[in-house]
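Some notes on the structure that comes next.
The values are calculated or read from the model by the stated rules, or taken from the named source; none is laboratory data. Since the structure is predicted, the reported quantities are computational estimates derived from the model, not experimental observations. Here the Cβ positions follow ideal geometry from the backbone for every residue, glycine too, while neighbour counts run over all protein chains shown. Protein only, heavy atoms only, side chains kept; ligands, DNA and RNA dropped before computing areas. Shrake-Rupley method; radii C 1.70, N 1.55, O 1.52, S 1.80 Å.
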Amino acid sequence: MSEQPRIHADAAVETGFKRFGRYLADNPVIPLIAFLLLLVVVLEIMRPGIVTPFRAGRDGIISTFWVGNLIKFAIPLAMLAACQVLTMLTAGIDMSAGILATVSAFVCATLAPLIGVTPAVMIALGTGVVAGLVNGFGVGIVRVHPLIMTLGTGLIATGCLQVYQRFVISTGTLIPETLVWLGTGRTAGMPNGLFVFVPFAAAVLYLMRFTGFGRLLFALGSNEAAAKLSGVRGWQVYLALYALSGLIAALAGLLYLGMIRTPSLSLANPLLLPSVAAAVIGGTSIFGGRGSFAGAIVGALILRVIDTMLTLLQMPEGARIAFFGLIILLVTALYVRITGAR
């Protein structure tokens, strides 16, 4: 047999693999959905004999109840992941997102019995916008690195929240009924939080793909110097970006408040690092210029399924945290290996 046809066949196979890899890189949601389904299958095979918050009974884990709970707990995580996706597009990050969500929830719960629900919600959302503007000023005008700027803002917000607590500790708290309905209620088996999250997700996806602002985010992340030479006023984009991120974080905090129904000084803080992980797993590059909020949504679902698996295995808290971090690293490395993404 001639070697020439074999060489051509090998070249065709190699070219096919490269095209497939590029296709997966351009469509990161596809391998993520496949991995999510694989995790669900593994979870169903496990069938542990215990009842958990993600499970209605002992006959099998997959049910409308379980899917609804999975989505419910993934919604605030996916919203905070949106903060990371948008800021990572410009090679930044928002390390203040978790504490801003906590501040928003605490301010709303403590002001609601004093000034009413609607003003309390508006002020709570306003705190996120103001903190975001501070971040945008530091990143876009003062030129502080986003990691340092947002981390510092988060620490300042934590201190301010502790001082604020001293003045409202005796006034009590009130969780708005609308937030409780969104956080805990169900319609046709699905969480009511979807009434907020679906329009929110559609808006973020539209902003990233079809608006000038979204194109500016990609341009700044791909090559900031070239974007500025093209006439882009980077400081204005950064101000708008981090103000938007602060608003999203505050909104996520309000939804999480309605879900947990107990305001605290660390309510949404544990969601910060998972939100970063969801964005990275979803195909967003920490070096800027490439990102997918759809991928981040699936990434949030993956993390929630993994967290459920660790709970079902009854792992000690320390081992759960370590194993959770290891799985995040492995999933990210596997995704990069398969898709060739960087």
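Numerical summary
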quantity: Karplus-derived HN-Hα couplings along the stretch 150-167 (A = 6.51, B = -1.76, C = 1.60, θ = phi - 60°), whole Hz, x at Gly and Pro; calculated: 6, 5, x, 4, x, 5, 4, 5, 4, x, 4, 5, 5, 5, 4, 4, 4, 8
quantity: Accessible surface of residue 228 - all protein chains present, 1.4 Å probe, nearest 10 Å²; calculated: 90
quantity: Solvent-accessible area of residue 200 with every protein chain in place, 1.4 Å probe, in Å² to the nearest 10; calculated: 30
quantity: Cβ crowding within 10 Å averaged over residues, with 286-295, 151-160 ranked highest first; calculated: 286-295, 151-160
quantity: Computed FRET value (nearest 0.05) for residue 27 with residue 165, which takes r as the C-beta separation and R₀ as 41 Å; calculated: 0.35
quantity: Residue 118 accessible area, 1.4 Å probe, all protein chains in place, Å² to nearest 10; calculated: 100
quantity: Dipole axis of the stretch 213-342 (+1 Lys, Arg; -1 Asp, Glu on Cβ), positive-most option in 238, 321, 263; calculated: 238
quantity: Heavy-atom accessible area order for 264, 222, largest first, 1.4 Å probe; calculated: 222, 264
quantity: Protection proxy ranking, peptides 299-307, 38-46, average beta carbon neighbours within 10 Å, highest first; calculated: 299-307, 38-46
quantity: Pairwise label distance in nanometres, residue 269 with residue 180, each label 7 Å out on the Cα-Cβ vector; calculated: 2.7
quantity: Amide hydrogen neighbours beyond the local backbone of residue 186, cut-off 5 Å, H modeled; calculated: 192
